[in-house]
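Scroll down for the structure; my scribbles are underneath it.
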Amino acid sequence: MIRITTIRRFVLICLATVMPVLAVWGQTTVTRTSADNPDKWISTHFQANKLPPFSFAYNEISSSKYIDTWTFSKRKVATGNPRIVNYIITYTDPESKLQAICNVKGYADYGAVEWVLSFKNPTRKDSFKITGIRSADYKVSEPGANGFKVRYLEGCNNDVTDYAVRQFDLTSNTSRHFVPIGGFSADGSSLPFYEVISKSTGSGVAVAIGWSGTWNCDLIGVSSGEFRVHAGLENANFILKPGEEVRTPLVATVFWGGGEMEGHNALRRFITACHSGRNGAAPLLCGGFDLGDPGQFDDYALLTDDIAKGIVRRYSQLKLSPDALFLGPGWAEGVSGPAYDGSARWNEDAGSWNADTERFAGGLAPVASLVQSYGGKFMLWIEPEIVMAGSLIHREHPEFLLKSKEGGDQCFLFNLADPKACDYLCKYVGDIVEKEKVDCLCLDCCIAPEYFWRGNDPYGRVGISEIKYVTGLYRFWDYLSNRFPNLRLTTRLEGGSRIDLEALSRTSVLNRSACREPLAQQCHHYGLSLFVPMHGTQTFVAEPYEARSAYSPLVTTHYEMLTNKSVGSTAMRAIQDELKGIRHYFLKDYYPLSGFGNVTDKDIWLAMQYHDPCDGSGIVLAFRREQAADDRYIVKLQGVLPDATYVVTDVDSGESKTVRGSELLGGITLWLENPRSSVLLKYKMKA
């Protein structure tokens with residue numbers, strides 16, 4: 001084994017002073033060859049004396065200069081599935097003993113490989129500085145590509161353009177840098193999902209990042225047949241203390257062929273099969289405990305035990321049967337009472353997560369039991385990462401709290417980076433789940449954690465607070481899932497969005513954006529479905545156009561069950577039954593039939609298709625918007641077989657007709673007499 005001697009280190013340091021580290025990063029090339037044989041693919045790209053498809057700088061020197069000389073070891077881990085392989089691959093510096101550990105998995109059925117890079121210091125002294133972490137650093141070779149096109153989604157900014165599909169050409173010597181804002185993985189300019197498409201063949205590579213913090217991604221054009229992928233941590237410049245180990249973002253690469261529209265569906269299938277949170281693979285229809293509070297009050301601040309039980313019984317009386325009933329912000333102690341005038345926000349008492357005993361004398365469990373007696377699940381909202389001054393946690397455990405770098409002594413972030421604090425929160429929230437008989441837990445976070453992380457990094461350890469916080473967040477989620485195997489975890493993204501591969505592995509996106517008018521909901525569904533199968537929103541009106549605009553795998557209906565006389569139970573049931581009859585399609589292959597241009601205008605039609613390739617059935621959902629002048633719109637279905645025969649049914653009229661697949665592929669005309677209306681078609685292949 002060649003050792004990096006002190007003299008060699010000195011030479012490399014000298015080179016680094018005249019040549020920027022980024023300019024000498026690794027040049028590992030990966031191809032789709034053996035993508036369906038992950039054992040072979042992993043053995044080819046992770047082996048001794050060869051640069052791996054990741055990189056970093058250690059002691060200010062690029063790993064591409066020496067990691068092929070580090071001690072290499074490889075251990076296979078049993079997966080219980082012959083189509084999935086798992087290896088722990090370790091690179092050890094012979095001098096400092098630093099370990100770069102790569103947990104690599106390959107999925108034969110999906111042409112996918114993913115890995116998580118970790119660093120461990122097993123010695124009794126500090127490591128050298130670790131910087132420039134690229135969990136993925138490789139060049140993709142696609143011979144005959146004739147250039148590339150990149151497709152990605154806008155991040156969440158609580159606007160109509162959230163999750164809009166964007167495209168650009170990736171040509172030689174061009175690059176794009178993506179990074180989220182605020183410490184939320186889906187906020188800002190981009191979601192951490194990309195497909196790079198060969199212009200000549202339609203084949204390509206999808207890249208997905210799993211990190212519920214500040215990841216980064218660079219896509220760099222090299223030539224007409226090659227491009228580079230860099231993905232890792234945006235903020236990383238730290239030493240490791242003795243015995244310390246930290247992880248970095250998960251990065252998955254999915255290879256596909258067969259046409260341009262197969263790329264996003266290949267990623268969707270992979271996410272659905274391999275990265276859906278425990279108990280999170282099934283669609284969910286929720287009903288709210290909506291009292292119709294006076295406008296100045298927040299959400300459920302006036303709800304009482306008796307009223308909540310009355311609402312549960314009203315659902316049953318009206319023969320409405322959502323899968324779960326959702327109790328949102330306002331149930332905890334301190335948010336209401338004799339002096340409460342509605343001017344305060346519900347999170348002003350965050351950190352005291354006990355049911356308000358004035359309104360719920362026996363806690364929430366009696367309400368939960370009643371919901372469950374009618375065959376439903378009880379879903380409870382909580383925001384455990386925020387702690388306000390004067391709350392229970394602030395009073396009893398101030399040592400577990402982080403202040404922001406701007407200072408202030410009213411709002412704190414619960415420090416999940418501290419193992420003791422994380423243990424406390426795990427048990428605290430877990431005990432609430434047990435005591436209140438919670439079936440589904442909705443987790444929220446409405447403050448940007450990045451401003452707390454940056455102000456609490458120790459000197460010389462930039463990024464360490466974020467790394468340990470995000471790792472603690474995963475431990476918190478995993479604890480709840482392990483303690484309660486049937487518990488479903490969801491996230492409510494009112495203030496910040498966590499939509500990434502690691503978050504999707506543990507939670508479902510219950511509310512994808514705070515912008516919820518019908519046009520925005522159509523746009524959000526249209527874009528986000530490209531890469532993310534499981535996501536949801538809310539609807540407040542049982543009217544077909546608005547309700548269908550909100551149709552998603554996860555939907556929460558907020559109807560004023562006790563006071564609203566404007567909407568009848570017949571309309572509510574019609575919406576519920578229609579959604580339940582089609583929602584399974586939302587997890588199948590997806591085709592955005594209106595293309596990838598601007599879809600936010602009020603004077604257009606918008607159409608989307610979901611197709612089940614297993615049985616040849618599917619749905620088409622289309623909207624004629626309020627200013628759309630044309631009463632007809634042609635859509636060309638995809639995924640159907642040209643020589644097969646299909647029965648197409650208009651759900652609204654009940655009319656059916658039999659057509660050839662070639663006709664569906666060539667284009668069928670949708671007709672809606674009035675603007676601001678919708679059409680829902682079902683189709684199935686005849687035997």
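The values are calculated or read from the model by the stated rules, or taken from the named source; none is laboratory data. On a predicted model such as this, the values are computed, not experimentally measured, just so you know. Virtual Cβ from ideal backbone geometry, glycine too; neighbours counted across all protein chains shown. The protein model used for the area step is the full one, side chains on, heavy atoms only, and it has no ligands, DNA or RNA in it. Shrake-Rupley method; radii C 1.70, N 1.55, O 1.52, S 1.80 Å.
What nm value, rounded to one decimal, do you get for the distance between Thr174 and Asp652 when each label is placed 7 Å out toward the C-beta?
The answer from the label model is 4.1 nm.
From the phi of every residue in segment 530-535, what ³J(HN,Hα) in whole Hz does the Karplus formula 6.51 cos²θ - 1.76 cosθ + 1.60 yield, where θ is phi - 60° and glycine or proline is x?
The phi angles translate into 4, 10, 10, x, 9, 7 Hz.
Using a Förster radius of 22 Å, what is the FRET efficiency between Ile634 and Met685 based on their Cβ-Cβ separation? Nearest 0.05, please.
Details: r = 22 Å, r/R0 = 0.98.
Calculated transfer efficiency: 0.50.
Using 0.36 nm per residue, how much length does the chain from Glu95 to Thr44 gain when fully extended, once their Cα-Cα distance is taken away? Each step should come with its number before you reach the end.
Numbers: separation 51, 0.36 × 51 = 18.36 nm, distance 2.65 nm.
Separation in residues times 0.36 nm, less the Cα-Cα distance, equals 15.7 nm.
For a Förster distance of 30 Å, can you work out the FRET efficiency between the beta-carbons of Gln317 and Glu543, rounded to the nearest 0.05?
Working: r = 22 Å, r/R0 = 0.73.
After rounding, the FRET efficiency stands at 0.85.
In whole Hz and in residue order, list the ³J(HN,Hα) couplings for segment 303-319 that follow from phi through the Karplus curve 6.51 cos²θ - 1.76 cosθ + 1.60, θ = phi - 60°; x for Gly and Pro.
My calculation for segment 303-319 gives 5, 10, 4, 5, 5, 4, 5, x, 5, 4, 5, 5, 4, 5, 4, 8, 6 Hz in order.
Using the reciprocal of the averaged 1/r over all distinct C-alpha pairs, how large is the Kirkwood radius of segment 342-453 in Å? Present the calculation step by step, with values, prior to reporting the outcome.
Values: mean 1/r = 0.0660 Å⁻¹.
One decimal place: 15.2 Å for the Kirkwood radius.
Per 0.36 nm of contour for each residue apart, how much would the distance between Asp603 and Thr645 grow if the chain were fully extended, relative to their Cα-Cα spacing? Provide the component values of the computation, followed by the final result.
Values: separation 42, 0.36 × 42 = 15.12 nm, distance 3.39 nm.
Computed gain between Asp603 and Thr645 is 11.7 nm.
Amide H to amide H, which residues 5 or more places from Ala514 or on other chains are under 5 Å from it, using H placed in the peptide plane?
Asn158
Please list, in chain and number order, the residues 5+ apart from Ser190 or on another chain whose amide H is under 5 Å from its amide H, with Hs placed from the backbone.
It is Gly155, by chain and number.
Under a 1.4 angstrom probe, counting protein chains only, how are Tyr451, Tyr194 ranked by accessible area, largest first?
Values: Tyr451 100, Tyr194 0 Å².
Order by accessible area, largest first: Tyr451, Tyr194.
Could you order the peptides 542-549, 479-486 from most to least packed, using the average number of other C-beta atoms within 10 Å per residue?
Values: 542-549: 20.5, 479-486: 15.1.
The densest-packed peptide leads the list: 542-549, 479-486.
Listed highest first by mean packing, meaning other Cβ atoms within 10 Å per residue, what order do 319-331, 383-395 come in? Mind dumping the intermediate values first?
Details: 319-331: 22.0, 383-395: 19.5.
Packing proxy ranking, top to bottom: 319-331, 383-395.
Per-residue counts of other Cβ atoms within 10 Å, averaged by peptide: what ranking do you get for 636-646, 620-630, 77-87, highest first?
On the way: 636-646: 16.5, 620-630: 19.0, 77-87: 12.9.
Taking the mean over residues of other Cβ atoms within 10 Å, the ranking is 620-630, 636-646, 77-87.
Near Lys120, which lysines are there with a Cα under 23 Å away, not counting those fewer than 8 places off in the same chain?
Reachable lysines: Lys50, Lys65, Lys74, Lys76, Lys97, Lys105, Lys129, Lys241, Lys420, Lys468.
Residue separation times 0.36 nm, minus the C-alpha to C-alpha distance between Ser662 and Val77: what's the value?
Working: separation 585, 0.36 × 585 = 210.60 nm, distance 4.74 nm.
Between Ser662 and Val77, full extension yields 205.9 nm more.
First check a/c for segment 113-185, with a ≥ b ≥ c the square roots of the eigenvalues of its C-alpha gyration tensor; if it is under 1.5, answer rounded, and if not, answer prolate when a/b is larger than b/c or oblate otherwise. Please list the in-between numbers first.
Details: a/c = 2.93, a/b = 1.44, b/c = 2.03.
Oblate, since a/c reaches 1.5 and b/c is not below a/b.
Quantify, in whole percent, the carbon and sulfur part of the accessible surface of the chain (1.4 Å probe; protein heavy atoms only). The partial results should precede the final answer.
Working: 13020 of 25790 Å².
Here carbon and sulfur together make up 50 percent of the probe-accessible area.
Could you tell me which of rounded, prolate or oblate describes the chain, using a ≥ b ≥ c as the square roots of the eigenvalues of the alpha-carbon gyration tensor, with rounded for a/c under 1.5 and, failing that, prolate when a/b is larger than b/c and oblate otherwise? Spell out each step's value before the answer.
Working: a/c = 2.12, a/b = 1.21, b/c = 1.74.
Judged from the Cα gyration tensor, the chain comes out oblate (a/c at least 1.5, b/c at or above a/b).
What's the local net charge at Phe586, with K and R +1, D and E -1, over the other residues with C-beta under 15 Å away?
Working: positive: Arg268, Arg269, Arg512, Arg548, Lys580, Arg583, Lys588, Lys682; negative: Asp323, Glu578, Asp589, Asp612.
Once all neighbours under 15 Å are counted, the net charge is +4.
For the chain, with every protein chain kept in place, what is the accessible area per residue (1.4 Å probe, Å²)?
Values: 25790 Å² over 687 residues.
Spelled out: the 1.4 Å probe surface of the chain, per residue, equals 38 Å².
Given H placed on each backbone N at 1.01 Å, which residues far from Leu670 in sequence or on other chains put an amide H within less than 5 Å of it?
Answer set, sorted by chain and number: Tyr633, Ile634, Val635.
All other residues with a Cβ under 15 Å from the Cβ of Gly363 taken together, and with Lys, Arg as +1 and Asp, Glu as -1, what is their net charge?
Values: positive: Lys309, Arg359, Lys435, Lys437; negative: Asp305, Asp306, Glu333, Asp356, Glu358, Asp431, Glu434, Glu436.
In short, -4.
Using θ = phi - 60° and the Karplus relation 6.51 cos²θ - 1.76 cosθ + 1.60, list the HN-Hα couplings for segment 606-611 in order, rounded to whole Hz, with x at every Gly or Pro.
Coupling constants for segment 606-611: 9, 9, 9, 10, 10, 9 Hz.
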